[in-house]
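FYI, it's all coordinate maths here, none of it is from the lab. Since the model is a prediction, treat every value here as computed from it, not as a measurement. Reconstructed Cβ throughout: ideal geometry from the backbone, glycine too, with neighbour counts over all protein chains shown.
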């Protein structure tokens, strides 16, 4: 049964993608109905998979011989909960799209890629063969590219898509190199065998694998120094941003680090590198969110920042804290993105300076946006509070003090930019047209479940930790019943320190006029933050360099067939010479 | 002087590869280029079969040879189809005409 359910979680969205594509855009009602039906079915199937997560199932669907090993899937706790997130939020994003994408052209392409993505994401987390993981990893990147560039007549959307593809593709090389290296030493792509036998690899090779995977994870999860692609990915339709660039695909990097943590934890300097990347990203992205004037970019920076928290927790050894924060973040960030989608749909702009005072016209959107914001800030009893405190606690216990202080500072900045964003959109004087309508019915159908989730997913801490502890033999996951977690968090002094900093952050926006001398003192920093600390400049330099190198090398391409054959024959001779020399020496 | 089969096959392989490579290097007519490529690939197929026999893995060598034959046929068909297109677009089969793509 676990076999059927696992395969259906992956196959249902893919079959749906094919069906939606084949139906064609002429029958749009049937098309969207099919998209909803298949994504909902995948969500239900993945929910049905939860009871099997602790059963230790692992099965092979195909034996690819010695080259690629057996194509195995293992629905364990870590994989199943991420598959549930992918399919459920995928379903809600599709439902939301019914309103949001109404009247757009080529919706078949849109729904097909969304469903294709959902299936690939489920495959990525359920597969237990590293080669398969790599395949699914790249498929998700491809879907992300196709959906960012969905409006392919918009140069910004096309550029954003290509940027995402190049950066995540570069990171993917790290994953491939790591997987091949592991295979060459251990003779298997199987993940649990790798975790079991990683100690037998030479230290240098294991370190290469560890840092290769870290590069892949950083690129996928938009961590320093690869964080620049995610804000540009905001050209995608908003439901796609909510699904791929907030709730699911960007978590793949965090998933990868968490999955392989037991093998890499002992690699020298690996943990401290992970911690540094996490806190630097969290702080940097939060400061950029404070100065950004684009609603979706604020949310994108905030996603990068929260992912930084998760990476930080993994580096400090808090696997459960990071995964719990991931779960909660998926719920409230998808909610925030879809809420922002409703605002953008109603006002037709993403510029915060052209909004303001929308609360009266859009009370439902405002209500759910407030819930999401409070969860993001980490106000008690919303889900973000619990997991953020657990992350900070894990960081305090397992990481250096400076990282903890930076993480606390980030919590304050998070409060500041979230309050600023909320205020600029829904309160204050109006700077643009007041929209004629609130979120539509399909939008509400997607927003309400997520709002409820943002309020209650922290209650799952107990069952969630039990599921992870029971199904991950190589990880040390503590059993943490919900009640104990609540007591632990509420009795820790760090919690109140964090809450005090959060309160300061909120107060900073409230008293922004009185604090303007302070803000002026940070003017240079704000300038640097809105220029993304020079990373965009660095990206442009790399692009220019590549183009100039291409121009310079153009003369080597004669376009003459005979000369090309000379080059091929020459290269062949060279390779033979190297092989012969290698065997002689 | 004794001619054993190995020497003959080796000479055949090198001869076919050499003729094919020479053709690819100097010929300018696209049809002739395709023919030269065919000769080159025949040398490679012969090498596969011979290597299989030499390593006592005759069936492996032969199955690889069959695979190459299939792939080679497709390449030739595409090459000839391209030649037809080049002829109708450029009015000539000279491969030098194709370097106009660069500009």
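Numbers below:
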| read-out | value |
| --- | --- |
| Crossing angle, helix A:251-264 versus chain A [Cα axis fit, 0-90 degrees, rounded to tens] | 60 |
| Gyration tensor verdict on the protein assembly as shown (Cα atoms; rounded if a/c is under 1.5, prolate if a/b is larger than b/c, oblate otherwise) | prolate |
| Residue mean of other protein chain beta carbons inside 10 Å, A:565-576 | 2 |
| Averaged over A:374-382, number of beta-carbon atoms from partner chains that fall within 10 Å | 0 |
| Average Cα contact separation per residue, the range A:420-496, under 8 Å, 6 or more apart, as relative contact order % | 21 |
| 0 to 90° range, to nearest 10: angle between helix A:2-23 axis and chain A longest Cα axis | 80 |
| Approximate spin-label separation residue A:557-residue A:381, in nm, with each point projected 7 Å along Cα-to-Cβ | 6.4 |
| Relative contact order %, the range B:3-93, counting alpha carbon pairs below 8 Å whose residues are six or more apart | 26 |
| Fraction of antiparallel bridges per DSSP, the protein assembly as shown only, in percent to nearest 5 | 100 |
| Rounded, prolate or oblate (a/c below 1.5 giving rounded, otherwise prolate when a/b exceeds b/c) for the range B:3-93 by Cα gyration tensor | oblate |
| Protection-proxy order for peptides A:96-103, A:265-272, A:227-234, each taking the mean of Cβ atoms within 10 Å per residue, highest first | A:227-234, A:96-103, A:265-272 |
| Relative packing of peptides A:474-483, A:217-226 - highest average C-beta neighbours within 10 Å first | A:217-226, A:474-483 |
| Segments B:59-71, A:181-193 sorted - mean Cβ within 10 Å per residue, highest first | A:181-193, B:59-71 |
| Potential extension, residue A:156-residue A:30 segment - 0.36 nm per residue separation minus Cα distance | 42.2 nm |
| Shape category assigned to the range A:488-540 from the gyration tensor of Cα positions, a/c cut at 1.5 | oblate |
| Taking chain A and dividing mean pair separation by its residue count, relative contact order in percent (alpha carbons under 8 Å, at least six apart) | 13 |
| Using alpha-carbon coordinates, inclination of helix A:155-186 to the longest axis of chain A, degrees | 50 |
| Partner chain coverage, peptide A:553-563 - average Cβ within 10 angstrom | 4 |
